Amino acid sequence: MTIRRAGEQALLVETGSLEAAHRLDALLRADRPEHVEEIVPGQETVLVVAPDADQERLESRLAGLLASVTDAGPARDETGTAARIVEIPVVYDGDDLDSVAALTGLTVAEVIALHAGSEFVVGWLGFAPGFAYLIGLDPRLHAPRLDAPRTSVPPGSVAIAGPYSAVYPSASPGGWRLLGRTDVRVWDVAADPPTKLPPGTRVRFLP
Amino acid sequence: MIEIVSPGPYATVQDLGRPGYAHLGVPRSGAADAPSLRLANRLVGNPESAAGIELTFGGAALRFGDNAWIALTGAPCPVDADRRPTGMCAPVWIPQGGTLRVGTPREGLRTYVAVRGGIGVEPVLGSRSTDSLSGLGPPPLRTGTVLPVGGAGPSAAIRVDSAVQGPFSSCPPVRIVLGPRADWFTPDAVAALRAGPYEVATEINRVGVRLRGTALERARGGEIPSEGMTLGAVQVPPDGRPIVFLADHPTTGGYPVIGVVAARDLSLVAQLRPGDRLWFRPVPGVRT
């Protein structure tokens with residue numbers, strides 16, 4: 001557990017786990033230190049961008065918070081984020097159901113049952129606005145990305161790649177394997193907040 | 001309104017971007033050379049955050065539907081207004097129906113055009129910037145695009161006749177703070193980064209600047225668990241060729257960042273052309 005400098009204007013806090021990253025993220029959002037512009041959780045980190053802050057003071061504040069989130073233990077959650085769950089109805093008719101079944105040695109029905117039977121948590125966002133990396137995919141469903149990405153994947157596509165699942169927030173190129181689609185609009189720039197899936201949100205897919 | 005007669009090689013609307021959404025995967029975007037956009041706005045009495053036009057390699061022609069005060073900053077280009085030669089870094093009056101022509105920059109890459117009142121396209125997530133990575137904001141300018149003027153907020157009296165910009169260099173020293181993942185590289189790699197120079201490859205855009213030079217060898221394999229990326233980060237993919245992230249950089253990534261360009265020097269990088277070179281100068285992380 002360390003805090004690393006990421007240039008003159010940002011600090012990268014290593015939390016050692018996704019859970020601690022989410023707890024630190026929630027604490028920082030609830031009581032945002034002065035001048036902090038961005039709080040970006042990652043898999044085992046939180047990047048804190050604060051161009052006008054005194055970096056040494058910010059670092060000591062973050063060190064105190066880091067100690068509290070890593071000592072807290074997994075059961076403790078004073079932020080309430082764990083309570084939020086988003087249910088996403090899915091029509092499982094994706095173009096890659098057969099290839100996932102072939103790669104995993106499962107039947108298509110088993111692929112669907114495993115995907116819909118897992119609870120996910122939004123780890124972090126990236127790749128595109130609103131693109132949430134969902135953690136919690138059953139290891140039996142881990143399959144590599146497509147060799148050749150599609151040039152356009154429709155918004156609402158429900159997909160998997162490696163240990164992750166995701167809902168494509170908008171039309172984009174994509175190399176993930178498509179299991180199905182949803183009418184739920186996970187991303188809308190006119191909404192506040194624009195995403196239904198901020199980091200830490202729990203997600204279930206309903207077949 | 002402003003009609004784009006010709007956008008040149010690549011032109012977009014830019015303000016100071018949409019900070020605050022990186023955790024939702026939204027790049028900050030905004031002017032690649034932010035100090036130049038701020039200066040252009042000051043020259044026409046706008047708030048510094050007003051939206052202007054970012055030209056890439058000049059070559060544009062803009063027709064003004066109304067009287068306008070404008071100013072150009074950034075990469076210095078030959079400029080004329082209705083065939084009268086005019087200059088950079090000063091307020092210029094364009095009468096209704098007038099056409100501004102911007103030639104090819106003598107040096108540098110990106111030229112900014114500010115107009116009093118600002119470019120008034122609809123903001124998306126609080127910004128009028130075109131984000132070339134995600135497609136947020138208005139599309140890149142094309143011949144025939146019409147841009148509304150206004151909406152920048154209260155303008156002030158124009159109190160400046162002209163402004164001085166620093167010289168452009170095709171081989172600048174660029175300060176860099178090592179880390180956060182310098183320890184993923186061999187000592188030789190860190191030494192190579194210092195020894196430089198690195199040359200700007202042809203693959204440059206608003207997302208980043210790819211560099212050619214001594215490949216930066218990793219001390220360990222694999223990828224970093226996905227982590228937040230910051231403006232100016234020097235990310236090193238497995239081929240060892242560093243990429244300096246500019247305004248439209250992705251918000252998270254899995255390649256290690258060997259160092260981050262000092263904020264004051266980022267505009268130098270944003271103004272480099274393919275074939276230009278830079279020298280990295282490591283500096284301590286804390287501003288002195």
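The values are calculated or read from the model by the stated rules, or taken from the named source; none is laboratory data. Remember, it's a predicted structure, so these values are computed and weren't measured experimentally. Here the Cβ positions follow ideal geometry from the backbone for every residue, glycine too, while neighbour counts run over all protein chains shown. Remember, those area values only see protein heavy atoms, side chains included, never the ligands or the DNA or RNA. Shrake-Rupley method; radii C 1.70, N 1.55, O 1.52, S 1.80 Å.
Percent relative contact order of chain A, based on C-alpha pairs within less than 8 angstrom and at least six residues apart?
Working: 431 pairs, mean separation 43.3, N = 207.
Computed over chain A, the figure is 21 percent.
I want to make sure I understand the PRE zone here: with the label point 7 angstrom from the Cα of B:Glu223 toward its beta carbon, which residues in region B:129-167 have backbone N atoms less than 20 Å away?
It comes to B:133-134, nothing else.
Taking the Cα-to-Cβ direction at A:Asp95 and at B:Ala215 and moving 7 Å from each Cα, how far apart do the two end points lie in nm?
3.4 nm
May I ask which residue of A:Thr151, A:Pro194, A:Ala101 lies farthest towards the positive end of the charge dipole of region A:85-206, with charges of +1 (Lys, Arg) and -1 (Asp, Glu) on Cβ and the Cα centre as origin?
A:Pro194
With angles folded into 0 to 90 degrees, how steeply does helix B:34-43 sit against the dominant principal axis of chain B? Use alpha carbons for both and round to 10.
20 degrees
Can you compute the helix-only [θ] at 222 nm over the protein assembly as shown? Use -39500 (n - 2.57) per DSSP H run of at least 4 residues, normalise by all residues, nearest 500 deg cm²/dmol.
On the way: 7 runs with 71 residues, N = 495.
So the calculated ellipticity at 222 nm is -4000 deg cm²/dmol.
With only Lys, Arg, Asp and Glu charged, each at its Cβ (+1 for the first two, -1 for the last two), find how big the charge dipole of region A:2-67 is about the Cα centre; round to the nearest 20 debye. Please report the intermediate quantities before stating the final value.
Numbers: 7 positive and 13 negative charges, 33 e Å.
The dipole of region A:2-67 has a size of about 160 debye.
Could you rank the peptides B:187-194, A:18-25, B:30-37 by their average count of other C-beta atoms within 10 Å per residue, with the highest value first? Please report the intermediate quantities before stating the final value.
Values: B:187-194: 16.2, A:18-25: 24.4, B:30-37: 26.0.
Taking the mean over residues of other Cβ atoms within 10 Å, the ranking is B:30-37, A:18-25, B:187-194.
Collect residues whose amide H, placed 1.01 Å from N in the peptide plane, falls under 5 Å from the amide H of B:Gly74; neighbours closer than 5 in sequence don't count.
B:Tyr112
So what's the angle, to the nearest 10 degrees on a 0 to 90 scale, between helix A:18-30 and the longest Cα principal axis of chain A?
Roughly 60 degrees, rounded to the nearest 10.
Give me the one-decimal nm value for the distance between modelled label points at B:Arg142 and A:Glu34, 7 Å along each residue's Cα-to-Cβ direction.
So the two model labels end up 4.9 nm from each other.
Rounded to a whole number, what % of the accessible area of the protein assembly as shown do carbon and sulfur atoms account for, probe 1.4 Å? Show your work: numbers first, answer last.
Details: 10440 of 19830 Å².
Reported share for carbon and sulfur atoms: 53 percent.
In nm, to one decimal, how far is the modelled label at B:Glu107 from the one at A:Asp188, with both set 7 Å along Cα→Cβ?
It works out to 5.2 nm between the two label points.
Per residue of A:43-51, how many C-beta atoms from partner chains lie within 10 Å of its own C-beta, taken as a mean?
Values: counts 6, 4, 7, 3, 10, 2, 7, 0, 3.
Average neighbour count from other chains, rounded to a whole number: 5.
Residues with amide H under 5 Å of B:Glu217's amide H, sequence separation 5 or more or different chain, H placed in the peptide plane at 1.01 Å from N; which?
Under 5 Å from the amide H of B:Glu217: B:Thr186, B:Ala189.
Checking an interface number: how much accessible area is buried between A and B, summed over both chains, with a 1.4 Å probe, in Å² rounded to 100? Intermediate values should be presented prior to the final figure.
Details: alone 10320 and 12340 Å², together 19830 Å².
Buried area (both sides, nearest 100 Å²): 2800 Å².
Pulled fully out, how much extra length does the chain show between B:Asn67 and B:Ser170, if you take 0.36 nm times their separation in residues and subtract their Cα-Cα distance?
Working: separation 103, 0.36 × 103 = 37.08 nm, distance 3.65 nm.
Stretched fully, the B:Asn67-B:Ser170 segment lengthens by 33.4 nm.
Could you give the accessible area per residue of region A:45-200, probe 1.4 Å, as a whole number in Å²?
Values: 6980 Å² over 156 residues.
Roughly 45 Å² per residue, with all protein chains present.
So for chain B, averaging the separation of alpha carbon pairs under 8 Å that are six or more residues apart and normalising by length, what relative contact order in percent results?
Dividing the mean separation by the residue count of chain B yields 21 percent.
With every protein chain left in place, what is the accessible area per residue of chain B in square angstrom, probe 1.4 Å? Mind dumping the intermediate values first?
Working: 10900 Å² over 288 residues.
That works out to 38 Å² for each residue.
If you place +1 on the Cβ of every Lys and Arg and -1 on the Cβ of every Asp and Glu, how big does the dipole about the Cα centre of region B:37-98 come out, in debye to the nearest 20?
Numbers: 5 positive and 5 negative charges, 17 e Å.
Computed charge dipole of region B:37-98: roughly 80 debye.
Name the residues whose placed amide hydrogens come within less than 5 Å of the amide hydrogen of A:Ile88, ignoring near sequence neighbours (fewer than 5 apart) on the same chain.
Amide H neighbours of A:Ile88: A:Arg204, A:Phe205, A:Leu206.
Nearest 10 degrees, 0 to 90: what angle lies between the long axis of helix A:55-71 and the longest principal axis of chain A (Cα atoms)?
In chain A, helix A:55-71 runs at an angle near 60 degrees to the longest axis.
Return a whole-number percent for the relative contact order of region A:85-206, with Cα pairs under 8 Å and 6 or more residues apart as the contact set.
Details: 283 pairs, mean separation 44.5, N = 122.
Result for region A:85-206 is 37 percent.
Trypsin sites (Lys or Arg not before Pro), restricted to region B:134-189: which are DSSP loop and have at most 10 other Cβ atoms within 10 Å? Provide the component values of the computation, followed by the final result.
On the way: sites: B:Arg142, B:Arg159, B:Arg175, B:Arg181; in loops: B:Arg142, B:Arg159, B:Arg181.
Here the sparse-neighbourhood loop sites are B:Arg142, B:Arg159.
Could you derive backbone 3J(HN,Hα) for region A:94-108 from the dihedral phi with the Karplus parameters 6.51, -1.76 and 1.60 (θ = phi - 60°), listing whole Hz in sequence and x where the residue is Gly or Pro?
x, 5, 10, 4, 5, 5, 5, 4, 5, 5, 9, x, 10, 7, 4
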